[in-house]
Amino acid sequence: MDIGIPRELRSEEYRVALSPPAVRVLVEDGHRVYVEAGAGEGARFRDRDYDAAGATIVHDHAEVYGRSQMVAKVLPPTEAEVELLQSGQVLAGFLHLAAAPPAIRDRLRALPVTPLAYERIRTPGGPAPILAAMSEIAGNVAVHLGAVQLASPAGGRGILLGGASTVAAGRVVVVGAGVAGWAAARTAAGLGADVTLLDVDSTRLREAHFLLGGGVKTAYAHGFALERALGAANLVVLAVSDGSGCAPRILPRAGLQTMKAGAVLVDLSITEGGAAETSRPTRLSDPAYTVDGIVHVAVPNLPSSVARTATRALSHVALPYLRLVAELGVEAAAGACPELFAAGDTPTVPDEARPGRALPPGGTPGWWRRAGTPPVAPPGWWGDPT
């Protein structure tokens, strides 16, 4: 199969779909890989690294799409890139199509293009392995970035998370005991903070209680507990998802009134529209803004701030699925690997309405039809990448 790796066009996206070692594996499998010149620069991978791995370096963005049967990306295509896609191509990456503008979905369906949506690949009864790799990094980075925004010059409350010998540690509240939430809680505890992890899934809380140790307190996220935790927090990390592709809105604007002035809110759910009413997408170079005295951070591509680590992690978990699709084709790969065709547990729900699907049945992107208008405005990176 001919596989293309274009340069990411979206502003401040430094990751690349595959690292040179991953490209070498595909080449050794007998596939042709076309890498756009400069695609790996943001992650400090040089063109000569890809050339040494056996890839063909292409100097035109459109040519990468024109030569490829499968296009591997990190973030969703821009509107300009959608026009470069061709009928029958496989588009792999974090596509977040439930939050995409209808015109984008209609265009992809009309071609048709087969999506390999990383965020929808799920092991049977388990997590999303590719999404989990980025969520782990996002949760880690969220705490570090939140700690920076807590500093007085940044407009924060002036709190050191680890405290001092005569001053109590700062309080961190993490809402959502998924992979991102666990990573954030672990990182905050490692910095010496007073950490509380909340969720409505008692199983995940029980696992966190025993695996994360005594440095992280756990609590069920009923309304009173959440309100009390927010009122005590210096740093709040929202890491919630219901699997629909549109994050549940758990923090209305009125909820900010319970928080301390200068506290920091990091919304990791911004890739699905945001879990706070006041969240809007920001950039790595300008990550924060203030609403009602609360510093907000809502960077959709937070793992891109550590692009080399993130690219290597992404390559490690995405490569097995890309190899399978490249070797067998879409339909055979979906039949051989349940992760690529993960139907829901409710048999009365039509195929196109079942959540968790990475590859649509028969190559037809039917599940796009279930995506309505998200409850929160789609992430800003669906628009102009400049």
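The values are calculated or read from the model by the stated rules, or taken from the named source; none is laboratory data. This structure is a prediction, so every number in the text was calculated from the model and none was measured. Using ideal geometry, Cβ is built from the backbone for each residue, glycine included, and neighbour counts are taken over all protein chains shown.
Remarks
- Scanning region 263-295 for residues that are over 23 Å from residue 222 (Cβ atoms), part of a strand (DSSP E or B) and of a type outside the set (D, E, K, R) returns 264, 288, 289, 290, 291, 295.
- If you go through region 132-157 and keep only what is over 11 Å from residue 235 (Cα atoms) and surrounded by fewer than 23 Cβ atoms within 10 Å (Cβ to Cβ), you end up with 132, 133, 136, 137, 140, 151, 152, 153, 154, 155.
- Flag for residue 15 being assigned to a loop (DSSP other than H, G, I, E, B) and over 18 Å from residue 90 (Cβ atoms): yes
- Pairing each residue of region 157-168 that is among the small types (Gly, Ala, Ser) with any residue that is assigned to a loop (DSSP other than H, G, I, E, B), provided the two are 6+ apart or on different chains, yields C-beta distances under 6 Å for 162/169; 162/191; 162/192; 163/169.
- Residues (among the hydroxyl-bearing types (Ser, Thr, Tyr) and under 20 Å from the mean Cα position of the chain (by Cα)) located in region 53-103: 78
- Count of region 251-262 residues, restricted to those that are in contact with a Ser or Thr (Cβ under 9 Å, 6 or more places away or on another chain) and in a loop (DSSP other than H, G, I, E, B), is 2.
- Test: residue in region 28-36 that is more than 22 Å from residue 307 (Cα to Cα) and in contact with an Asp or Glu (Cβ under 6 Å, 6 or more places away or on another chain): yes
- Being closer than 22 Å to residue 284 by Cα and either among the charged types (D, E, K, R) or in a helix (DSSP H, G or I) (or both) is a property that does not hold for residue 81.
- Verdict on residue 152 being on the phi < 0 side of the Ramachandran plot, assigned by TED's automatic domain parsing to the domain that holds residue 184 and at pLDDT 95 or above: yes
- Filter pass, residue 194 being in contact with a strand residue (DSSP E or B) (Cβ under 7 Å, 6 or more places away or on another chain), touching a residue at least 24 places away in the same chain (Cβ under 8 Å) and charged (D, E, K, R): yes
- Odd one out for residue 210 among (1) outside any helix (DSSP H, G or I); (2) farther than 30 Å from residue 308 by Cα; (3) at pLDDT 90 or above: (1)
- Of all residues in region 78-125 being touching a residue at least 40 places away in the same chain (Cβ under 8 Å) and of a type in the set (S, T, N, Q), the one that is surrounded by the fewest Cβ atoms within 10 Å (Cβ to Cβ): 123
- Flag if residue 26 is outside any strand (DSSP E or B) and surrounded by 22 or more Cβ atoms within 10 Å (Cβ to Cβ): yes
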